1. On each of the three principal axes of the Cα atoms of region 199-242, give max minus min coordinate, whole Å, ordered largest first.
2. Quick check: the distance between the Cα centres of region 31-86 and region 179-202, to the nearest angstrom?
3. How big is D, in µm² s⁻¹, for region 40-167 by Stokes-Einstein at 25 °C and 0.890 mPa s if Rh is the Kirkwood radius over C-alpha pairs?
4. Mind ranking 361-373, 206-218, 422-434, 344-356 by how tightly packed they are, going by the mean number of other C-beta atoms within 10 angstrom, highest first?
5. What ranking, highest mean first, results for peptides 73-86, 262-275 when packing means the other Cβ atoms within 10 Å averaged over each residue?
6. Any aspartates and glutamates with Cα under 17 Å of the Lys271 Cα? List them, leaving off those in the same chain fewer than 8 positions away.
7. What are the extents of the Cα atoms of region 276-333 along their three principal axes, listed from largest to smallest and rounded to whole Å?
8. Report the net charge of residues surrounding Ala65, where surrounding means a beta-carbon distance below 12 angstrom and charges are Lys +1, Arg +1, Asp -1, Glu -1.
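The values are calculated or read from the model by the stated rules, or taken from the named source; none is laboratory data. Just so you know, these numbers come straight off a predicted model, no measurement behind them. When we count neighbours, we look across all protein chains shown, and the Cβ atoms used for this are built from the backbone with ideal geometry, even at glycine. The area values use the complete protein model at the heavy-atom level, side chains included, leaving out ligands, DNA and RNA. Shrake-Rupley method; radii C 1.70, N 1.55, O 1.52, S 1.80 Å.
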Amino acid sequence: MSQVDQLVSELSTQFRGEAGGAAGGLEASARTFIEAKLSALSSGSSSAEQLGALQRQLLVDIIDASIVDQVGLATSTAVLQEVVCLVDRPEYGFGMRAQQDVLLHLLSKIQQRQMAYDSVITEARKALAKSLAAEEKWEEAARQLQSIRFEQSQGTLNIASVFPVYIWTTQLFLQAENLDQAVVSLNRAAAHIMQVSDVEQIMQYRFVQARVLSLTHKYIEAAIIYHNIFQTNTKDPAGQLEVLRQAINCAVLAAASPQKMRVLSGLHREKLAPTLPSFGLVEKMVLKRLIKPTELEQFSQQLEKHQCESVAGGKATVLGSAVREHNVFVLSSLYTSIRFENLGRLLGIDTEEAELMCARMIAEGRMKGRIDQIAGVITFEGAREVKEVAAAISMKKQAAVQPPPMYFRETVHARWDGRIINLCQSIEDAVDMLIERQPVYARTLFRRVA
């Protein structure tokens, strides 16, 4: 009789009376059964290498014996669960290779029986991912966790146990520098975030989310999340300082916009901000001062690899581009209009590049202005609006008899006319929708009006 057949006989007879009992008792019996088998091997005179091979083969045979028809499903599940637990226990000295071999063999045997061994497959993949991660095989470990199909499991989905696995998978993919799959795993976690109540899990999710946003160059969103973590996590001062540093780095690298100025202002007001080397640069941005390229050397040394990537066809770095846009944003509040050749000279770039930068900022709604390509001039609407408001306030205070400037009256009239046109268009659209969806009521209504 082979060892597998002998194990099948022992399992079918020893656990026959316990199969219908409590799950805890069955698991305890399975643990005692496997430990006794392993202890019997240890009592021999085999070398450490031979003992490891014998223990590995014993667990493989127990797995094969557990899934035959003679062994009940409850017994089989309890035994396989204990195999997954025992293979990771340090007192038995299973090496990483032996652990992985046993777990891969187990998964190969029961993978096609997902419904019957759902919990065993889940725990086996977690244990295998842990073993692979210990060897820094990040991609393989993440793939094991990604293969767990929680949505196909029986019973109600337990968010408390599912959510950490999604976060762990995202972290492993980030370690493997597989950003696409990290985003996929993060989106799976995001679908359940509203159902999570554990503060620690929510904090881990926010950290990973901010990291992914930073890697995808969505710096303003990352800065907002890092700032929120900084304000929430007050128990770890050293960790707080690092989070604040990350928030400031992302905010500085973000594209120039009113939102960026608001985020930077909030970070600038934090009590710990002056302790960071980057505080001087943040203060200049908040106070809307021009920044010279020579002032960026110290700040660029603390940036991560992905934050130093080249943009605009290799003509500038992320930091250089962000600072140039900041300088344009500052100039837009100082000048009513400026020629592109002069703007390029102030920014240290050529005329064409200055025009393209301004056009992109206007098109993306981050700056108000009009470009005259023929004259090579940009007119900043923000500066003009400030002057219009100042002129209106001044005229009101002085109660002057003379009429306001012509351009001011033309601007007010044009805006008023535009609002009237928009209102009329909205009414016309509403009437058309009424006729389309409720024709009978529309005819009755219009007959009454007539």
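1. 29, 20, 13
2. The two parts, judged by their Cα centres, are 37 Å apart.
3. 158
4. The peptides rank, most packed first, as 206-218, 344-356, 361-373, 422-434.
5. 73-86, 262-275
6. Qualifying aspartates and glutamates at Cα under 17 Å: Asp236, Glu242, Glu283.
7. Projected onto the principal axes, the Cα atoms of region 276-333 cover 30, 28, 16 Å.
8. Every neighbour counted, the sum reads -3.
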